[in-house]
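Report on one structure; see the data block that follows.
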Amino acid sequence: MELLTTDVAARPHRAHSGSFAKHPKGSEARILLSSVFGPYAQDDEFGSRSINPMELYHNQVTRAQGSFSLRMFHRSWGIMMIQANISAPCAVLDFPTRDDFARQLKSNQYDVVGISGIIVNVAKVREMCRMTRELSPQSVIIVGGHVAAIPGIEKMIDADHIVKGEGVSWMRRYLGEDESAPIQHPAIVSGMRTRIMGIRLPERKGATAATIIPSVGCPMGCNFCTTSAFFGGKGKFVNFFETGDELFAVMSRMEEELKVSSFFVMDENFLLHRERAMRLLELMKENHKSWALSVFASANAIRKYTMQELVELGVSWLWMGLESPKAGYSKLQGTDTRELTRELREHGIRVQGSTIIGLEHHTPDNIVSEIEHAVSHDTDFHQFMLYTPVPGTPLYQQMSEEGRLLKDVDYADVHGQFMFNFKHAAISREDSKRFLDWAFWRDFQLNGPSLYRISRTLLAGFKRYKDYPDARVRERFTREMERLSGVYSSALWAMERQFRKVDHDVSEKIRALRHEFKQESGMVSRMLPALLGPVLLWTTRREEKRLARGKTYEPPTILERSNWVEA
Ligand code: B12
Ligand code: SF4
């Protein structure tokens, strides 16, 4: 990776190590917070990569599922969180093009330009710093987010401050505001511009979940884990909301403001904090909240709860690491993850597994059976990632000391969805990509489209809980069934036909599920597939053709201002 050697030592705003410079204007300073510029899903000189789109599922979960891939965009929550917690006039610019960013700099007198980036986007961060110096020379440049973990980043980009770790308290301190004031949670609609089977889903208020961020970091400290390392490593994390009461208050406010009843809880290991979760459950019961929660949790944390507790807490989607049992990660200790996955799904909890390819003990001889083991979990979604030493993690440190990091790998390619960035004992760089791609394909081929799998889990949950004594639970499953059964049945109709080309047995299973849905559905839902099914089959096939021609999707540019006063 080329190093930028600009001499930045003479800049007036540069903070020297050990001292903490505050901005002279304090909360009067005009601030721009921007994510890195797009377009993203294309190969370019700033490190965009067509295999690295700004779409969570399509990037790393359903990428081999063609037109059945779930595609949606998520806002840059880190800078939204900072904006909501400072009283200075602040603009958040999300997903700008380079021109948008330049226009923003030229047409506003920003005192501070904050740029948020992760490691793959370091070349964009560098370019944005350069542009800011040129177009808005009075601005102090602050760079935050995971990009700050790159060793030697200070010499690669021309920034005045590079912030490692939690940004809200840093920014408050920089502006002379109260660092320990309670955290205000911004109203965040979880996903946008959702597409599947060639159609864009309508965006109704309340139809999408709200994102809630209770904490950042994770105390488990797995050696490869970048989020854990960035916020303090093993035994450490930053809690924004300590108690169940605080969390409940935030969620109630979001429910009111965004008219939602489901929440995407962005906490690396939500269930690990049992006391907080159980207090939340208590309050949900007292206040009759029939909420649905999508959470991340490790297997050992899930095991602290009974299925009933999880279901009553509204857990409807669980993202869980399924690393090979041979790797010895403590988060899996003593858990039969296949059994756990089956049980969760039988209780209507959609499971998203996450498996690492290329662990130290993997060899060309055993990797196929390890992938088969992962795929045999038959999760609703399955993410695969290459074992990747990422700057800032204990694994990176170890590989670096062992001299195993490959030189000349562009940071833009260090994201776990392409090839190894280190020398593996038994697997070559090229083969790492082959095994990764095969894992995605195998999961799709054997288990079918994720949309089919989540329909199956929903139906299982509905059948099990439609007469459950706790009305909140009944309502949740019934609500989802009423809202989705017609759509799912129609999608299954189309899927069954389209999937015959891939695997006949799976297509038959989809057909059987469609019949089960028919029995449980009301009249309208029973009739719908005859009309909607053929339309979906047509849009699916049209999408397949578009994708074959290289079609990609980009998020919209968004500008949001708070405490704003014209300059
Ligand atoms: C949502 C998300 C996405 C969204 C996009 C979000 C966006 N608009 O950019 C999607 C799904 C599209 C995505 C894509 C990718 N992501 Co992503 N993503 C996340 C996720 C799950 C949540 C981010 C988040 O909001 N966290 C909560 C907020 C509050 O934390 P935060 O963003 O870190 O912000 C805090 C600080 O970092 C800091 N801060 C942040 N920005 C700034 C700016 C300033 C000025 C300051 C002072 C401070 C500051 O303050 C904030 C508050 O404390 C994280 C995992 C995680 N748990 O964080 C991964 C994560 C950020 N993604 C990651 C990766 C690798 C990717 C991908 C390459 C895909 C992949 N192969 O994994 C792509 C890249 C896409 C692209 N072309 O750029 C890695 C980054 C690794 C690294 N060390 O760089 C993470 C950490 C996941 C992981 N554990 O590997 N991602
Ligand atoms: S349990 Fe998950 S989030 Fe926590 S450190 Fe391990 S990999 Fe990271």
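Below are the figures for this structure:
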{"quantity": "In region 409-428, the residues that are touching a residue at least 40 places away in the same chain (Cβ under 8 Å) and among the aromatic types (Phe, Trp, Tyr)", "calculated": "TYR411, PHE418, PHE420"}
{"quantity": "Failed item in (1) within 19 Å of ARG453 (Cβ to Cβ); (2) within 16 Å of ligand 1 (Cβ to nearest atom); (3) surrounded by fewer than 21 Cβ atoms within 10 Å (Cβ to Cβ), with MET266 passing the rest", "calculated": "(1)"}
{"quantity": "Criterion (touching an Asp or Glu at 6+ places or on another chain (Cβ under 9 Å), at pLDDT 95 or above and closer than 21 Å to ILE142 by Cβ) met by exactly one of ALA29, ALA15", "calculated": "ALA29"}
{"quantity": "Residues located in region 269-306, provided they are out of contact with any strand residue (DSSP E or B) (no Cβ under 6 Å at 6 or more places or on another chain), within 15 Å of ARG474 (Cα to Cα) and either among the aliphatic types (A, V, I, L, M) or not in a loop (DSSP other than H, G, I, E, B) (or both)", "calculated": "MET284, LYS285"}
{"quantity": "Which numbered condition LEU32 misses (of (1) surrounded by 20 or more Cβ atoms within 10 Å (Cβ to Cβ); (2) near ligand 1 (Cβ under 8 Å from one of its atoms))", "calculated": "(2)"}
{"quantity": "Residue count for region 292-323, restricted to those that are more than 24 Å from VAL375 (Cα to Cα), buried (at least 20 other Cβ atoms within 10 Å of the Cβ) and not aliphatic (A, V, I, L, M)", "calculated": "1"}
{"quantity": "Selection from region 182-208 of residues that are under 30 Å from THR393 (Cα atoms) and not hydroxyl-bearing (Ser, Thr, Tyr)", "calculated": "PRO182, ILE183, GLN184, HIS185, PRO186, ILE188, GLY191"}
{"quantity": "Test set (1) within 30 Å of ILE119 (Cβ to Cβ); (2) of a type in the set (Gly, Ala, Ser); (3) at pLDDT below 95 - SER432 fails condition number", "calculated": "(3)"}
{"quantity": "Single unsatisfied condition, TRP170 versus (1) surrounded by 21 or more Cβ atoms within 10 Å (Cβ to Cβ); (2) more than 23 Å from the chain's Cα centre (by Cα)", "calculated": "(1)"}
{"quantity": "Top-ranked residue of region 209-247 - restricted to ones that are buried (at least 19 other Cβ atoms within 10 Å of the Cβ) and either basic (Lys, Arg) or in a strand (DSSP E or B) (or both), ranked as nearest to the chain's Cα centre (by Cα)", "calculated": "THR211"}
{"quantity": "Contacts under 8 angstrom Cβ, first residue in region 222-235 being at positive phi, partner in a loop (DSSP other than H, G, I, E, B) and more than 8 Å from ligand 1 (Cβ to nearest atom), 6 or more apart", "calculated": "GLY232/GLY217; GLY233/GLY221; GLY235/PRO219; GLY235/GLY221"}
{"quantity": "Pairs, first within 15 Å of HIS23 (Cα to Cα) in region 151-179, second more than 12 Å from ligand 1 (Cβ to nearest atom) and hydroxyl-bearing (Ser, Thr, Tyr), C-beta under 7 Å, six or more apart", "calculated": "LEU175/SER27; GLY176/SER27; GLU177/SER27; GLU177/SER87"}
{"quantity": "Helices (runs of 4 or more DSSP H) lying entirely in region 40-131 (those with 3 or more residues that are farther than 23 Å from CYS225 by Cβ)", "calculated": "77-84, 98-107"}
{"quantity": "Matching residues, region 109-167, being over 19 Å from TRP77 (Cα atoms), crowded, with 20+ Cβ neighbours inside 10 Å and of a type in the set (Lys, Arg)", "calculated": "ARG126"}
{"quantity": "Check on ILE86, under 30 Å from HIS185 (Cβ atoms) and touching a Gly at 6+ places or on another chain (Cβ under 9 Å)", "calculated": "no"}
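Yes/no per residue for (1) more than 16 Å from ligand 2 (Cβ to nearest atom); (2) touching a Lys or Arg at 6+ places or on another chain (Cβ under 6 Å); (3) at pLDDT 95 or above; (4) closer than 24 Å to ALA292 by Cβ:
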{"residue": "VAL168", "(1), (2), (3), (4)": "yes, no, yes, no"}
{"residue": "VAL189", "(1), (2), (3), (4)": "yes, no, no, yes"}
{"residue": "GLY206", "(1), (2), (3), (4)": "yes, yes, no, yes"}
{"residue": "MET220", "(1), (2), (3), (4)": "no, yes, no, no"}
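The values are calculated or read from the model by the stated rules, or taken from the named source; none is laboratory data. Note that the coordinates shown come from a computational prediction; the quantities given were computed from them, not determined experimentally. Positions of Cβ are backbone-derived with ideal geometry, glycine not excepted, and every protein chain shown enters the neighbour counts.
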